[in-house]
1. Looking at L134, L122, L73, L102, which is the one that is of a type outside the set (S, T, N, Q), closer than 21 Å to T17 by Cα and surrounded by 18 or more Cβ atoms within 10 Å (Cβ to Cβ)?
2. Within region 27-54, can you find the residues that are of a type in the set (S, T, Y) and either in a helix (DSSP H, G or I) or crowded, with 22+ Cβ neighbours inside 10 Å (or both)?
3. Against the definition (at pLDDT 95 or above and in contact with a strand residue (DSSP E or B) (Cβ under 6 Å, 6 or more places away or on another chain)), how does R188 come out, yes or no?
4. In region 60-69, is there at least one residue being more than 12 Å from L26 (Cα to Cα), in a strand (DSSP E or B) and in contact with a Lys or Arg (Cβ under 8 Å, 6 or more places away or on another chain)?
5. Kindly evaluate E65 against the criterion of being modelled with pLDDT of 95 or more, surrounded by fewer than 22 Cβ atoms within 10 Å (Cβ to Cβ) and either within 14 Å of the chain's Cα centre (by Cα) or closer than 30 Å to R155 by Cβ (or both).
6. How many residues are farther than 18 Å from S93 by Cα and in a strand (DSSP E or B) if we restrict to region 156-188?
7. Write out, first by first residue and then by second, each pair whose Cβ atoms fall under 6 Å of each other, whose residues are 6+ apart or on separate chains, and whose first residue, in region 51-70, is free of Cβ contacts under 8 Å to residues at least 40 places away in the same chain while the second is of a type in the set (A, V, I, L, M, F, W, C) and surrounded by fewer than 18 Cβ atoms within 10 Å (Cβ to Cβ).
8. Only one residue in H191, H205 is outside any helix (DSSP H, G or I) and either at negative phi or of a type in the set (K, R) (or both). Which one?
Amino acid sequence: MERRIAYLADRGGPGKTPGVMWLSGLKSEMTSTKASVIATWAADHGLHCTRFDYSGHGQSPGRFEDGTIGAWLAEALAVFREITTGPQILIGSSMGGYIALLLLRALMKNHPRDAERITALLLIAPAWDMTERLMWARFPEATRREIMETGVYLRPSKYGDGDYAISRRLIEDGRNHLIGDAPFDPGRPIHVLHGQLDPDVPWEHTLDLVAHLSGDHVRVTAVPDGEHRLSRPEDLALMIRVLEDLAGMGRES
């Protein structure tokens, strides 16, 4: 089904690489704090920066409750293949980290030349296999029954952005897009930032990801007093330092 997706693409300077592509979390937007900081950093260095809103998010049309992991992955694939050019670093926060991993895996399988353009991933509290491990497995039986019988559960938010409509469609579609069901060698550096006080995506969830991914490509930086969003000034500064290292700037003389 055809969908219209809002995006922002800052082209940067000629010959400047790598570009960066931002993937937002669930119910977040391409103009969020972290995304905006990365866009400013890219502009300061003359680098291409691509951001977009999933359908049902931000400036993209559609209803949030109609969204699925498969639909949002398809949108990320379209943006990557049609909007970005040259080498890219994928940067994903929460669900965006999950989508980034799925995007890389899908490109490696179906479009290997496009996959070669991905030089590294920066993941912030990646909510991989979110619908199964962080939702369904943690929901009480009454919530599961509500989802199956009514088709949706309105999950309260801690962040003042309204209830999250968790649909039966979201849960069932998510089972078609699991990272943990099969071995996966990402084949390029992945750096994960994760707050150890994160109540939404537990710190241990990243440790499980490291154990699952093969090839010894993953480095993890724990933020002992950090929570889920990692949007404090010190968190943003850490994010940029890691990004500069992945972009090769930390090795410049």
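The values are calculated or read from the model by the stated rules, or taken from the named source; none is laboratory data. Keep in mind that this is a model prediction, so the values were computed, not measured. Every residue, glycine as well, gets a Cβ built from its backbone with ideal geometry; the counts of neighbours run over all protein chains shown.
1. L122
2. Step one: of region 27-54, the residues of a type in the set (S, T, Y) are 28, 31-33, 36, 40, 50, 54.
Scanning region 27-54 gives S28, T33, S36, T40, T50, Y54.
3. Details: at pLDDT 95 or above: yes; in contact with a strand residue (DSSP E or B) (Cβ under 6 Å, 6 or more places away or on another chain): yes.
When the stated conditions are applied, R188 passes them.
4. So far as region 60-69 goes, no, none of its residues is more than 12 Å from L26 (Cα to Cα), in a strand (DSSP E or B) and in contact with a Lys or Arg (Cβ under 8 Å, 6 or more places away or on another chain).
5. So E65 does not fit the description; no.
6. 4
7. G56/F64
8. Values: H205 fails: outside any helix (DSSP H, G or I).
Of H191, H205, the one residue that is outside any helix (DSSP H, G or I) and either at negative phi or of a type in the set (K, R) (or both) is H191.
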